[in-house]
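Read the structure below first, then the notes.
Bear in mind these aren't lab numbers, they're just calculated from the coordinates by the rules spelled out. Bear in mind that the values here come from a model prediction, so they are computed numbers and not experimental data. Quick reminder, even Gly has a Cβ in these numbers, built from the backbone with ideal geometry, and neighbours come from all protein chains shown.
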Amino acid sequence: MVIALAGRRVDAPDAATARFPLASVEICSAACGADLLALKVAGARRMRRRIVLPFDRARFRTTSVTDRPGDWGPLYDQILAELDPSHDVVILEGHSEGAEAYLAVNRMILQDAVGLAARLGAGAMAVLVWEGAPRGSDDTTAAFGQEAQRLGLKVGHVKTL
């Protein structure tokens, strides 16, 4: 089974609505929160992992990893170092930090999952790690689920609250 995963980052300290409080981390792009936790567990289980980043590693680390509560930077660095020899860190070129960059990452992750599953003769599915509701029309986690459904993938949900 090939699993494509997307989910919430941990809440910002001043978040008006709780979606993934730091206190929930124990129950759970390579962004802080769901992505890094899933990559850590998959690595411990010796599963193949692949990361798709919307832009260079350092900028992603600053804007999507270390900008929230928790000590996510070292885990991000460790996982990328583990994946470097296998060339399983893909950096998309030509994207700014806007929503379109993250939507492009969503598309590539899902297309890669479908393609890998076809080559392996295996199934593929998408997993959303979130509270279960879009936070607005620009919610990239919700868009990931919608794109997965459009591609005919089964979509599973892991609740953060």
- Query: What number of residues in segment 34-82 are of a type in the set (A, V, I, L, M), within 23 Å of residue 103 (Cα to Cα) and surrounded by 14 or more Cβ atoms within 10 Å (Cβ to Cβ)?
  - Reply: 11
- Item | Residue selected from segment 83-125 under the condition among the polar types (S, T, N, Q) and closer than 20 Å to residue 146 by Cβ, by the criterion surrounded by the fewest Cβ atoms within 10 Å (Cβ to Cβ) | 111
- Message: Given the criterion touching a Cys at 6+ places or on another chain (Cβ under 9 Å), of a type in the set (A, V, I, L, M, F, W, C) and outside any loop (DSSP other than H, G, I, E, B), identify the matching residue among 114, 129, 90, 105.
- Response: 129
- Can you tell me which residues in segment 20-72 are touching a Gly at 6+ places or on another chain (Cβ under 8 Å), part of a helix (DSSP H, G or I) and of a type in the set (D, E, K, R)? 35, 61
- Query: residue 150 versus (1) surrounded by fewer than 16 Cβ atoms within 10 Å (Cβ to Cβ); (2) touching a helix residue (DSSP H, G or I) at 6+ places or on another chain (Cβ under 6 Å): which is the lone unmet condition?
  - Reply: (2)
